[in-house]
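Everything on this sheet refers to the single structure shown next.
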Amino acid sequence: NSPVFLAERVTAPIQFQNSSSTGGFEVLLWCWEMFSRLRHLNKPVELYVLPDSIERGTHTIQNPAQCLAAQQRAVDWWRFWLTDYVDPSAAKADQYTSWNAMKRSVMARGER
C-alpha cells in the first residue's frame, strides 16, 4: 500500500520540504524513500531542507526566516513548473539551473 511502490505513476513535479527532522525520523525517512525512488525513475523531484534547520533542532517551522524561505521556494517551484517563470535574482540561479535540467529531462521523454 506504500505510495513508493507506485512512484512510476507520478507525473507532476514534486517538491518535498523538510527541516532537519520536522515530524520525526519516520517522516524524514518516508520523504527520503519517495524522493530517492522518484530520482531513480528520473522524475522531476526536489527535497528542500530548510536553511539553518540543523541548528534549530526538531520542531515544526517557527523561525520567520525559515517560514519565508519555505514559502518562497514553494512559490518559485510552482511558478517555474506552471508558467515557466524564472526569477532573474542571482541568489536563485542554482535552483533554476537544477530545475531547468529536470525540465529538459522531462521534455526529452515527452512527459510534459
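Summary of values
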read-out	value
Residue in segment 81-97 that is modelled with pLDDT under 90, on the phi < 0 side of the Ramachandran plot, in a helix (DSSP H, G or I) and not basic (K, R) present	no
Top-ranked residue of segment 43-66 - restricted to ones that are surrounded by 13 or more Cβ atoms within 10 Å (Cβ to Cβ) and at pLDDT 80 or above, ranked as farthest from A12 (Cα to Cα)	Q66
Residues within segment 69-88 that are aromatic (F, W, Y) and open to solvent by 20 Å² or more (accessible area, probe 1.4 Å), tallied	2
Any pair with Cβ under 7 angstrom, 6 or more apart, that starts in segment 83-112 at a residue that is over 18 Å from I14 (Cβ atoms) and ends at one that is surrounded by 12 or more Cβ atoms within 10 Å (Cβ to Cβ)	Y85/R79; V86/F80; V86/Y96; D87/D76; K92/D76
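The values are calculated or read from the model by the stated rules, or taken from the named source; none is laboratory data. These figures come from a predicted structure and were not determined experimentally. Every residue, glycine among them, receives a Cβ derived from its backbone with ideal geometry; neighbour counts consider all protein chains shown. These area figures cover heavy atoms from the full protein model, side chains too; ligands, DNA and RNA do not enter into them. Shrake-Rupley method; radii C 1.70, N 1.55, O 1.52, S 1.80 Å.
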